[in-house]
Amino acid sequence: MGLQEYVVRRLLQLVFTFWVFVSILFVLFRAAPGDPTSMFVTQGMSPEAREEMISRLGLDEPLYVQYFDYFGQLLTGEFGTSFRYNEPVWDIIVVKFWNTVLLMGTALVVAYVIGITFGALLGWYRDSKFERGGIIVALMARSSPEFWTGILVLSVFSFWLGLFPSGGMRTIGATTSGGFMTRYVNWDFAYHMVLPVIAGAIYYMATPTLLMRNTMLDVLKADFIEIKKAEGLPEHQILFNHAVRNSVLPLVTVIALVSGKAIGGSLIIETVFNWPGMGREMVQSINYNDYPVAMGTFFLMGSVVIIMNFVADLAYGILDPRVQYD
Amino acid sequence: MKIFKYPCGDGTIMRHDTKSRRRVLREALAVGGAGVSVALAGCGSDSDGSDGGGGSDGSDGSDGGSAGAGDPVEPIEFIVTTQSYDPVRYEFGNLIAENWRELGFEVEVNPLAWNTIVSRTFDEQNFDAFTLNWAGRAERLDPDPFCYSLHHSSQTESGGNNMVNYENSEYDEYAEEQRRTYDEDERKDAVLRCQEIFAEDQPRTPIANQTQNMPYLEDSFDEIVDMIGEGLMSFWTAVDSVPADGVDQISLGYPSDVNNLNPVDGTATHDTQTMRLIYDKLVRIDTDGTVTNWLAEDVEAVDDTTVRATIRTDQQWHDGEDLTVEDVKFSFDYLQEYSAVLSGFMGPLESTSIVDDQTVEFSMSEAFAPFISTALGQVFIIPQHIWEDVPEDLDGVSEPVGWENPEPVGSGPFEFVSWSRDEQMILQANEDHFNPPNIPELIKIPGADIQSLVRLLEDGSLDMIGWVPGPDTVNRLRNQVDRAAVNSIDSHGWYHINYQLDRAPFDDIAVRHALADAIPKQDIVDIVMDGQGTVTHTFMAEVNEFWHNPDVMEFGDDLEGAQTTLEEAGYTVQDGRLHYPEE
């Protein structure tokens, strides 16, 4: 079977996956208890006002009608209008999307660059004190809850040393409107991003470190490494040009999965650092039974995972010529 | 099987005596004889057995008698909030359950997410007992919301606030009377009676009013204004507080952002709390709970069904257009038609008409005493020149309530400047207003949670927080953080327990009295709330002085009394488990 046929088959699977995914989303959120008016009951919303809202939102229609409506909407690229914001879902998500991607993207890049290097060195210096110590550090970072790491980072760098702000995306009163450049490309934003990136990087670093170390151990036993050593190549050249390149493959799959996480954001980091991102938006929209926003955010996050998996499958074939399409 | 009711008419005098409760019950039992099921909620109508919230022909399936004479009392599912939603309710829920178990009840504490609680309780009315807190908002200082919509028998339908199914025709009469009586003292008498009957029937057990402790930076203010129930989140804080010299920006944190700024919507409390700064109302509820004239310079009840308001002259909208009496009439007409929430505040309003270029007249179909505080104090005055074209002018909006209203134009003390959702909202003082605020620029900062706001306050970025942090944080801010101060004011909001009166054993007033007595109210205030609250026995809080009835039956902190109450009603404890009275 050739590459072309493989791609076509995978694309068809992709369509099926999306259909199942969207249907599950729909059922999940409708099955959740309460409705979009629940949150407002003790705020004084009368039964009449609640009924009116439910019927205005079309939630009194039979479920299958709502299901087909939602599907039709998605097919035309529409996510609908938020129940509580009165704004198109897309306008809300797109802001949160950038807030999150910039934060989590940076944290993950830092985590993976450091993690891969660190993991490679751990594998290379097998059975040394450095390796044993390194594994302990990696496991500690992995097992510390994010909120704990976050608070620790905050108390040291913000409250003790006074180097960084304690939260938010920018200084209070700073301009927030304008295009992408005015919003994100400035020192104030970068300055506010440092601590959450550190907290995130510490947490996400352990996976690439340990995975890298394990594959390195296998690769280092391979004959070609011995041959390179026999050729008399310098150590760093063998390590980075040959061993690391061959060990990095399993990480491609992990990166595909983790990128979904980058879009979904981290509820905990966003909460600790008061960062207005996707994670918080998801939880809030679920609490408020704001189905369009909830489904929009999950749809975006799930789509990235599905598509990145597809990309990873294709990338495997390019990175490793031994992979067969069948 | 006999259903016994309190001798309502004769019991009047006794009810004034808070200590005589047990005596009343004993006498009641003496009259009714031993071993009868006591269904007492139904005072006032002595012929209709179903009046007491379903009496004992409740949902337990037992036919017509005390719910299974001699049988063990059904286990109680006690619904509380999750710890993260409200630690206070979660913790006192467990304390109370402990005490109820001492009485022989089998109690399971079930913490649920808020929207699950709402659908189980308000919508399905499928619960045994659950905890709730009605927050103390300015418009709830008027007795009508707590008196009528919580306890009148017309409010028992699904979704209504009387989800406990409390039905008492005598109570209903007084609740209706306070609605139609304009004379404040007469109205007060009716409200006091409602509280007496309520306390005696215990369809709900009030526990405590929570003190509002809201942190702020001392150096940012020369004077800070607060309000009963709303603390620093009040309208008057934003308008009348005086910032310190050189402070031209005050930032106010709140643990979530506004949903939208559409005055037709007005569903979320936080939204209306923000919009009331931008939009004016004819009257405002003052810091002490009284009604004060605002955009109206005079309000007069011509007769029981007619109210006239004289509007201030020379007022402008934020876009420079003149505010006229037509705008006022338009606001009431428009919001009555399109706003489900605000039209709910208008009561029996039939029509609004213009008398002269300064006066509007409101005609009602029946007398409605809360009209001035509730309708005139809640309905936003919106500009006709903007809203008359909504929705025709706007793409994709089928109804005005769905409009985004991206740049709200009002006439209020603050003008809208900009808003980035979940980042900040900037409002600036309207210097041309008849009551211009002292704060030149007010920046609203939403937080992920209260702790992230407290950290911002501690590092000096926030000037005040419109929310109550946990007792530990309050103590730390008070004693250990130099520049932080904590503003304390009582609230008329009340923590309480609801019982499903349609179900056994809650249909038995003796059981409710015992459950109420077993609640360690003082411990809850002292320990769970760290002293930041006041024990309460009624729904009109002590701090709401004018309407509060200090002289009602008191329950709580009396486990032995609770045991006695159950014994006297014929209940027995066998193997640690409470059993219904034998036939």
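The values are calculated or read from the model by the stated rules, or taken from the named source; none is laboratory data. If you're wondering where the values come from, they're calculated on a predicted model, not measured in any experiment. Note: ideal-geometry Cβ built from the backbone for every residue, glycine included; neighbour counts use all protein chains shown. Please note that ligands, DNA and RNA were not included when accessible areas were found on the heavy atoms of the full protein model with its side chains. Shrake-Rupley method; radii C 1.70, N 1.55, O 1.52, S 1.80 Å.
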Mind listing just one residue for me: the one in the stretch B:229-265 that is at positive phi and in contact with a strand residue (DSSP E or B) (Cβ under 9 Å, 6 or more places away or on another chain) and, of those, nearest to the other protein chains (Cβ to nearest Cβ)? B:Gly229
Could you give me the residue pairs with C-beta distances under 6 Å whose first residue belongs to the stretch A:194-206 and is buried (at least 23 other Cβ atoms within 10 Å of the Cβ), whose second residue is not in a helix (DSSP H, G or I) wherever it lies, and which are 6+ apart or on separate chains? A:Leu195/A:Phe164; A:Pro196/A:Phe273; A:Pro196/A:Trp275
Residue within the stretch A:129-147 that is within 14 Å of chain B (Cβ to nearest Cβ), more than 30 Å from A:Ser247 (Cβ to Cβ) and open to solvent by 30 Å² or more (accessible area, probe 1.4 Å) present: yes
Of A:Val305, A:Val252, which residue is over 25 Å from A:Gly80 (Cα atoms), away from chain B (no Cβ under 14 Å), in a helix (DSSP H, G or I) and in contact (Cβ under 8 Å) with a residue 40 or more places away in the chain? A:Val252
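Please pick out the residue among B:Glu554, B:Glu560, B:Glu582 that is in a loop (DSSP other than H, G, I, E, B), out of contact with any Pro (no Cβ under 6 Å at 6 or more places or on another chain) and surrounded by fewer than 17 Cβ atoms within 10 Å (Cβ to Cβ). Walk me through how you get there before you give the answer.
Details: B:Glu554 fails: surrounded by fewer than 17 Cβ atoms within 10 Å (Cβ to Cβ); B:Glu560 fails: in a loop (DSSP other than H, G, I, E, B).
On inspection, the qualifying residue turns out to be B:Glu582.
Out of the residues in the stretch B:411-425 that are over 18 Å from A:His192 (Cβ atoms) and within 14 Å of another protein chain (Cβ to nearest Cβ), state the one that is nearest to the chain's Cα centre (by Cα). Give the steps one after another, and end with the answer.
Within the stretch B:411-425, the subset over 18 Å from A:His192 (Cβ atoms) is B:411-419, B:425.
With within 14 Å of another protein chain (Cβ to nearest Cβ) added as a condition, the list becomes B:416-419, B:425.
Numbers: B:Phe416: 29, B:Val417: 32, B:Ser418: 31, B:Trp419: 29, B:Met425: 27 Å.
Filtering first and then ranking leaves B:Met425.
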Flag if B:Asn549 is over 30 Å from B:Ser241 (Cα atoms), part of a loop (DSSP other than H, G, I, E, B) and touching a residue at least 12 places away in the same chain (Cβ under 8 Å): yes
Every listed condition ((1) without any contact (Cβ under 8 Å) to a residue 60 or more places away in the chain; (2) open to solvent by 10 Å² or more (accessible area, probe 1.4 Å)) holds for B:Gly160 save (2)
Count of the stretch B:303-314 residues which are part of a strand (DSSP E or B) and more than 22 Å from B:Phe330 (Cβ to Cβ): 1
Meets criteria (crowded, with 23+ Cβ neighbours inside 10 Å and either out of contact with any strand residue (DSSP E or B) (no Cβ under 8 Å at 6 or more places or on another chain) or at pLDDT below 95 (or both)) for B:Gln212: yes
Checked the stretch A:219-234 for anything closer than 26 Å to A:Ala206 by Cβ and loosely packed, with under 12 Cβ neighbours inside 10 Å; matches are A:Lys221
So which residues in the stretch B:446-468 are open to solvent by less than 10 Å² (accessible area, probe 1.4 Å), touching a helix residue (DSSP H, G or I) at 6+ places or on another chain (Cβ under 7 Å), under 22 Å from B:Phe416 (Cα atoms) and within 12 Å of chain A (Cβ to nearest Cβ)? B:Gly447, B:Leu462
Within the stretch B:75-127, considering residues that are within 14 Å of chain A (Cβ to nearest Cβ) and basic (Lys, Arg), the one most open to solvent (accessible area, probe 1.4 Å): B:Arg120
For A:Ile268, indicate whether it is part of a helix (DSSP H, G or I), buried (at least 19 other Cβ atoms within 10 Å of the Cβ), within 14 Å of another protein chain (Cβ to nearest Cβ) and of a type outside the set (D, E, K, R). yes
Please give the helices (runs of 4 or more DSSP H) falling wholly within the stretch A:1-80 in which 2 or more residues are open to solvent by 60 Å² or more (accessible area, probe 1.4 Å) and away from chain B (no Cβ under 14 Å). A:3-31, A:63-75
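Matching residues to (1) assigned to a strand (DSSP E or B); (2) under 21 Å from the mean Cα position of the chain (by Cα):
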site: B:Cys194; (1), (2): no, yes
site: B:Asp219; (1), (2): no, no
site: B:Asp222; (1), (2): yes, no
site: B:Asn262; (1), (2): no, no
site: B:His270; (1), (2): no, yes
site: B:Arg276; (1), (2): no, yes
site: B:Thr287; (1), (2): no, yes
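Residues are listed down the side, and each one gets a yes or a no for (1) at pLDDT below 95; (2) small (Gly, Ala, Ser); (3) within 24 Å of B:Pro413 (Cβ to Cβ); (4) surrounded by 19 or more Cβ atoms within 10 Å (Cβ to Cβ):
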{"residue": "B:Ile311", "(1), (2), (3), (4)": "no, no, yes, yes"}
{"residue": "B:His318", "(1), (2), (3), (4)": "no, no, yes, yes"}
{"residue": "B:Val328", "(1), (2), (3), (4)": "no, no, yes, yes"}
{"residue": "B:Ser331", "(1), (2), (3), (4)": "no, yes, yes, yes"}
{"residue": "B:Glu366", "(1), (2), (3), (4)": "yes, no, no, no"}
{"residue": "B:Ile372", "(1), (2), (3), (4)": "yes, no, yes, yes"}
Only unsatisfied item for B:Glu300, checking (1) surrounded by fewer than 17 Cβ atoms within 10 Å (Cβ to Cβ); (2) of a type outside the set (A, V, I, L, M); (3) in a loop (DSSP other than H, G, I, E, B), is (3)
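Hey, can you tell me all the residues within the stretch A:175-190 that are more than 22 Å from A:Met278 (Cβ to Cβ) and either within 12 Å of chain B (Cβ to nearest Cβ) or among the small types (Gly, Ala, Ser) (or both)?
Selection gives A:Thr175 alone.
Quick check on the stretch A:117-126. Is at least one of its residues within 14 Å of another protein chain (Cβ to nearest Cβ), among the hydroxyl-bearing types (Ser, Thr, Tyr) and not in a helix (DSSP H, G or I)?
Kept after step one, since they are within 14 Å of another protein chain (Cβ to nearest Cβ), are these residues of the stretch A:117-126: none.
Among the residues of the stretch A:117-126, not one is within 14 Å of another protein chain (Cβ to nearest Cβ), among the hydroxyl-bearing types (Ser, Thr, Tyr) and not in a helix (DSSP H, G or I), which makes the answer no.
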